[in-house]
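The values are calculated or read from the model by the stated rules, or taken from the named source; none is laboratory data. From a predicted model like this one, the values you see are computed outputs, not experimental measurements. We place every Cβ from the backbone using ideal geometry, glycine too, and count neighbours over all the protein chains shown.
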């Protein structure tokens with residue numbers, strides 16, 4: 001991908017904060033009453049309240065993670081677990097409050113994008129405020145809405161899949177999310193349907209101390225395919241904020257799903273996400289995951305390869321600058337014969353940033369003739385930064401193959417010298433090398449995201 | 001009689017120097033408050049020995065077992081506890097103080113407290129040993145806690161050899177500590193084909209400036225084993241290489257932990273492993289390359305390969321890089337795979353039975369590493385050992 005060098009000095013236009021008064025909030029802190037209030041405020045069915053309460057009790061019992069970054073500064077009692085800034089879910093663009101429209105404008109949703117936006121779902125604060133189905137998606141039978149609405153309109157589907165992949169007891173933050181979840185995306189693609197345009201969702205954290213606990217549920221039925229794109233930008237403010245999302249993706253027989261995320265939280269956000277997908281026979285699941293911001297990220301998207309010939313892939317980049325701790329990786333679990341997985345992870349750290357790869361590839365005894373390939377590359381730009389690579393490669397049968405490669409180095413002095421001898425400044429040359437380094441990732445992105453990524457990398461350098 | 005009393009009686013009976021007795025006593029008193037090292041998923045083979053069962057029978061022997069020629073060069077090879085009396089100052093400074101700290105982990109404290117026997121090898125500065133020195137021949141059998149301490153002075157060169165042929169009755173920890181002075185170069189050959197029910201072996205090394213340590217290890221044990229090798233590259237310009245071949249059969253469960261820490265500038269670490277897993281065996285390789293802050297112009301590389309021969313065999317590799325500086329090159333490569341069915345088919349079509357064809361391919365897999373072991377005689381003895389082990393498979 002070509003890099004436009006003229007744009008290097010552009011200011012970051014996404015770092016701003018709108019003044020919004022939430023219409024409804026449960027206040028700071030969490031107890032059983034808050035959970036009940038959230039459920040009542042949303043007029044949820046009894047079974048969902050039961051799930052929430054059960055998860056809340058698990059949450060109280062569970063310990064914090066005993067590995068990776070230090071989470072002791074995260075004060076879970078100061079977080080607003082639920083707030084709503086507009087009373088109803090808007091159906092058309094005109095109904096969307098102006099302040100929120102402003103935000104989207106500043107995020108830089110291009111003019112041309114507006115028509116796509118009719119089919120995209122935008123999330124603001126803890127709940128979707130704008131939902132509109134593009135008519136052709138509707139004709140195809142694709143359900144694309146926020147999870148709260150889906151719970152009202154398609155309760156059977158939600159009940160069938162909700163929490164079936166990521167149980168409340170998976171870790172402390174999945175328990176928390178299950179107890180207080182709000183918003184998120186729900187997608188159902190019926191059998192044999194191919195979504196022709198990528199489905200996109202913009203969402204962002206705005207008010208300080210806002211917990212975002214999205215619950216995303218994607219079901220791609222047999223033979224269907226979908227490309228879901230999710231991008232986040234967040235304004236900069238001082239108090240700590242938590243983003244603990246849960247994403248569950250069900251990819252049925254012969255189906256395909258690609259889930260693309262670019263995360264650029266501001267540097268006070270704890271991003272502690274759990275993403276898990278299951279792929280049935282001949283299905284393919286792809287995670288494309290960019291982590292550019294936040295204070296601490298702990299994210300290990302996983303794929304359970306449950307049917308023969310299923311395949312999973314993870315393509316990720318992580319960029320850590322001063323004060324940023326990126327602890328990311330991928331988990332691939334092979335449970336069926338002839339399954340394959342592929343992980344490519346690229347990390348860059350500078351100015352004292354920390355980039356860790358923590359992954360796991362597990363080939364179970366019943367998963368004969370399976371293949372797994374992992375590559376982790378890290379560029380470490382100065383001696384203040386650190387990086388750890390901590391993979392686990394487990395093969396439990398004799399018929400499978402597993403390959404793992406990793407490399408850590410600084411920017412090659414030869415490459416720099418060559419580019420500078422052609423008249424580029426050191427800054428330009430460095431940037432060019434970094435762009436080349438992450439190219440395998442950026443070329444998989446839709447065009448506008450690739451452009452956005454370029455700008456974000458610019459700003460980070 | 002408590003263990004402390006036993007330690008006291010044993011220590012007094014052998015006329016151990018006061019510092020050693022004191023250290024043992026303190027070590028036993030603090031051991032229960034210390035932690036065991038945390039190894040990811042590694043099943044420790046008996047970290048906790050039953051020290052109540054120790055037979056404190058070892059008699060201290062003051063003979064210098066180095067050959068006449070070596071003695072002329074000033075080389076000392078003798079019983080570890082005898083050396084503690086005879087070379088008291090040297091031992092006090094070095095025994096479990098540099099390669100591994102006696103008060104760092106519980107097993108280390110227990111090891112020192114209950115130390116029963118061992119070997120002490122001292123090679124003075126500016127000495128080139130022409131012949132390999134065997135460390136295993138005077139090691140007593142049957143003791144629970146054994147220790148080998150090797151000190152090599154500046155500018156010296158040596159080849160060391162260790163043969164582990166432990167019998168089924170033996171059981172316990174063996175810790176090898178190698179301390180190298182400036183510009184000392186040591187090659188260490190370790191051929192293990194032990195009948196031991198549970199073998200737990202450790203190697204700790206400390207390298208001063210420009211020193212180099214190359215270990216060549218063949219782990220061909222019959223039963224469960226934990227092999228742990230940790231090399232500290234403390235001096236600037238020091239180099240370490242670890243080469244390991246390994247074979248696991250039947251229901252063996254083996255863990256091989258290798259750890260190289262680059263502390264000095266211009267240091268270089270390399271870990272190369274090749275292992276074969278057959279039957280219902282499991283092999284777990286835990287390789288760790290660590291570069292501390294300030295270690296400039298360093299490299300740390302790891303290559304681990306496991307061949308899973310049977311359908312039920314299992315392999316695990318955890319290749320870890322912990323990098324705290326940027327003027328470095330670090331990499332790891334790991335693979336776990338099966339035999340190429342085409343090659344097997346070809347060999348069988350030439351009339352070889354399964355067993356023979358397998359053996360040829362195993363040799364073909366291990367030899368790329370084995371053939372680079374520099375000493376011809378030592379290499380040949382390892383190849384012979386491998387053949388023997390393959391025949392008994």
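Filtered by the rule that a residue be assigned to a loop (DSSP other than H, G, I, E, B), surrounded by 24 or more Cβ atoms within 10 Å (Cβ to Cβ) and at the interface with another protein chain (Cβ under 7 Å from one of its Cβ atoms), region A:367-395 gives a lone residue, A:385. Residue A:337 satisfies every condition listed in (1) touching a helix residue (DSSP H, G or I) at 6+ places or on another chain (Cβ under 7 Å); (2) in a loop (DSSP other than H, G, I, E, B) except (1).
Screening the candidates B:325, B:358 for the property of being in contact (Cβ under 8 Å) with a residue 12 or more places away in the chain and either under 27 Å from the mean Cα position of the chain (by Cα) or in a loop (DSSP other than H, G, I, E, B) (or both) yields one hit, B:325. Residue under question is residue B:383, and the condition is that it be modelled with pLDDT of 85 or more and assigned by TED's automatic domain parsing to the domain that holds residue B:252; does it hold? No, not satisfied.
Just to be sure before I move on: is residue B:359 surrounded by fewer than 20 Cβ atoms within 10 Å (Cβ to Cβ), more than 13 Å from chain A (Cβ to nearest Cβ) and touching a helix residue (DSSP H, G or I) at 6+ places or on another chain (Cβ under 8 Å) in the structure I sent? When the stated conditions are applied, residue B:359 passes them.
Let's see how each residue does on (1) farther than 24 Å from residue B:201 by Cα; (2) within 23 Å of the chain's Cα centre (by Cα):
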{"site": "B:55", "(1), (2)": "no, no"}
{"site": "B:73", "(1), (2)": "yes, no"}
{"site": "B:81", "(1), (2)": "no, yes"}
{"site": "B:87", "(1), (2)": "yes, no"}
{"site": "B:92", "(1), (2)": "no, yes"}
{"site": "B:98", "(1), (2)": "no, yes"}
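Summed over region A:176-199, residues that are surrounded by fewer than 23 Cβ atoms within 10 Å (Cβ to Cβ) and in a helix (DSSP H, G or I) total 0. Taking region B:302-315 as the range and being part of a strand (DSSP E or B), crowded, with 24+ Cβ neighbours inside 10 Å and at the interface with chain A (Cβ under 7 Å from one of its Cβ atoms) as the test, the residues that pass are B:308, B:315. When residue B:299 is tested against (1) crowded, with 22+ Cβ neighbours inside 10 Å; (2) within 10 Å of chain A (Cβ to nearest Cβ); (3) at pLDDT 90 or above, just one condition goes unmet, and that condition is (1).
Residues checked against (1) in a strand (DSSP E or B); (2) closer than 23 Å to residue A:256 by Cβ; (3) within 23 Å of the chain's Cα centre (by Cα):
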residue	(1), (2), (3)
A:303	yes, yes, yes
A:307	no, yes, no
A:314	yes, yes, yes
A:322	no, no, yes
A:342	yes, yes, yes
A:345	yes, yes, yes
A:357	yes, no, yes
A:365	no, no, no
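If you go through region B:152-175 and keep only what is closer than 22 Å to residue B:114 by Cα and touching a strand residue (DSSP E or B) at 6+ places or on another chain (Cβ under 9 Å), you end up with B:164, B:166, B:170, B:171, B:172, B:173, B:174, B:175. Taking every residue in region A:138-158 that is outside the structural domain of residue A:248 (by TED's automatic domain parsing) and pairing it with any residue that is modelled with pLDDT of 85 or more and assigned to a helix (DSSP H, G or I), at least 6 positions away or on another chain, yields no pair with a Cβ-Cβ distance below 8 Å. Annotation: residue B:321 fulfils all but one of (1) surrounded by 20 or more Cβ atoms within 10 Å (Cβ to Cβ); (2) within 7 Å of chain A (Cβ to nearest Cβ); (3) over 13 Å from residue B:259 (Cα atoms); the unmet one is (3).
With the requirement that a residue be facing another protein chain (nearest Cβ under 7 Å), surrounded by fewer than 24 Cβ atoms within 10 Å (Cβ to Cβ) and either touching a helix residue (DSSP H, G or I) at 6+ places or on another chain (Cβ under 6 Å) or part of a strand (DSSP E or B) (or both), what does region B:329-346 give you?
Within region B:329-346, B:329, B:331, B:333, B:335, B:337 qualify.
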